[in-house]
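Trainee: Please see the structure below; I have some questions.
The values are calculated or read from the model by the stated rules, or taken from the named source; none is laboratory data. Not measured: the values here are computed from a predicted model. In this analysis, Cβ positions are derived from the backbone assuming ideal geometry, glycine residues included, and neighbour counts consider all displayed protein chains.
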């Protein structure tokens, strides 16, 4: 076992992990931050996306020891300081960007990463960026709408009503 | 996954030393290796994580004008920073998905040499040089068949050096489930000739299409490829496409690549 320390959602976190412990397992099983979902566990579906030092990564495909010393943000760290939903989260609610909600944590984290590097993406850019996030309920249209809305853009022209 | 130790060296020297441990395996970004370990298709005793080796990260221009990319540089960084070689940056920007590109590395991709990966085409098509902790390997000598390379046990890719072509383009026909190339063709035009490298198609991994290179070297236009075709023999044949289909796609993708820059 190796003792690791990192900052998760602004707070110091630590634990003893095996070499094979995935970041997703550390967050969920050790820190009890179960908002990060594990869907496929094969780095396809993106339900486990978190930010490590500001970059979106699939937490099921990164070893916990490799995140030692990093700043990690999970969906639990996305709400505003007063506990209200962030702009992106609120947009998902307003535009019905989820049905079962399983993919939503990864969608929100990917959306946040996209809007950080591209604050006003086109619809095509949103869809392209979500290549690694799979949703089996919504058909993506309302997710795309939510992200367009969160970027302050008009959602009316979004294709495929 | 079976359990293993993880070494997190901060320098190439420490990484090389760690690779000397019994049953050690280098870990790049892990975007292929970690899923492989989950399937128990590999069982190393020690993983040597290269993502903390600062001297192996980044993009720069060498004294000879070549583009130098550290072996532990992520696809996202290459896509963002390899501005002096736009075709290569564009290729890197379409590997996997954004989260995969934030972890996956050029050295990891080349060491694995997946027959459908993009980087082997970019490296072979550019005539790049693979630099390791012990030597420099020309791209033409590096790729030795599906998942096989010239790397020795414990050898680490520290850098890849690319000559900058006059024009280049990569065309990928995406296999939609895996996002790997069903067929990918990298075309690079240099002063002394054209190189054409094909990934995703051959059972022997990435290869140069020499007939297309000869035709394009005398006439760099898509029309110069008219009548040229490859045999489906020796091409990968699976539920996504037959060997003959892949052979046909190679010619189509090569023409598209030339059309994009000619």
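Trainee: Kindly evaluate residue B:28 against the criterion of being within 20 Å of residue A:43 (Cα to Cα) and modelled with pLDDT of 95 or more.
Mentor: Answer is yes for this residue.
Trainee: Just to verify a result, which residue in the stretch B:79-97, among those that are in contact with a strand residue (DSSP E or B) (Cβ under 6 Å, 6 or more places away or on another chain) and either over 23 Å from residue B:184 (Cα atoms) or part of a helix (DSSP H, G or I) (or both), is farthest from the other protein chains (Cβ to nearest Cβ)?
Mentor: Checking each candidate, the answer is B:87.
Trainee: Next question, about the same structure. Checking the conditions here, which among A:129, A:140 is at positive phi and in contact with a helix residue (DSSP H, G or I) (Cβ under 8 Å, 6 or more places away or on another chain)?
Mentor: The conditions single out A:140.
Trainee: Mind checking which residues of the stretch B:34-66 are more than 10 Å from chain A (Cβ to nearest Cβ), free of Cβ contacts under 8 Å to residues at least 24 places away in the same chain and not in a helix (DSSP H, G or I)?
Mentor: Within the stretch B:34-66, B:41, B:42, B:57, B:58, B:59, B:60, B:61, B:63, B:64 qualify.
Trainee: Say whether the condition of being part of a helix (DSSP H, G or I) and surrounded by fewer than 16 Cβ atoms within 10 Å (Cβ to Cβ) is met by at least one residue in the stretch B:127-143.
Mentor: yes
Trainee: May I ask you to list the residues in the stretch A:19-49 that are assigned to a loop (DSSP other than H, G, I, E, B), within 15 Å of residue A:76 (Cα to Cα) and within 10 Å of chain B (Cβ to nearest Cβ)?
Mentor: Result: A:48, single match.
Trainee: Condition first: within 11 Å of the chain's Cα centre (by Cα) and part of a helix (DSSP H, G or I). Now tell me which residues in the stretch A:98-129 satisfy that.
Mentor: Once the filter is applied, which keeps residues that are within 11 Å of the chain's Cα centre (by Cα) and part of a helix (DSSP H, G or I), the stretch A:98-129 yields A:104, A:105, A:106, A:107, A:108, A:109, A:110, A:111, A:112, A:113, A:114.
Trainee: Considering only the stretch A:70-79, I want to know if a residue exists there that is assigned to a strand (DSSP E or B), surrounded by fewer than 24 Cβ atoms within 10 Å (Cβ to Cβ) and within 9 Å of chain B (Cβ to nearest Cβ).
Mentor: no
Trainee: When you check residue B:16 against the structure, is it over 18 Å from residue A:67 (Cβ atoms) and at the interface with another protein chain (Cβ under 9 Å from one of its Cβ atoms), yes or no?
Mentor: It is false that residue B:16 is over 18 Å from residue A:67 (Cβ atoms) and at the interface with another protein chain (Cβ under 9 Å from one of its Cβ atoms).
Trainee: Evaluate the stretch B:12-33: report whether one residue or more is under 22 Å from residue B:93 (Cα atoms), in contact (Cβ under 8 Å) with a residue 24 or more places away in the chain, part of a helix (DSSP H, G or I) and in contact with a strand residue (DSSP E or B) (Cβ under 9 Å, 6 or more places away or on another chain).
Mentor: Yes: the stretch B:12-33 contains one or more residues that are under 22 Å from residue B:93 (Cα atoms), in contact (Cβ under 8 Å) with a residue 24 or more places away in the chain, part of a helix (DSSP H, G or I) and in contact with a strand residue (DSSP E or B) (Cβ under 9 Å, 6 or more places away or on another chain).
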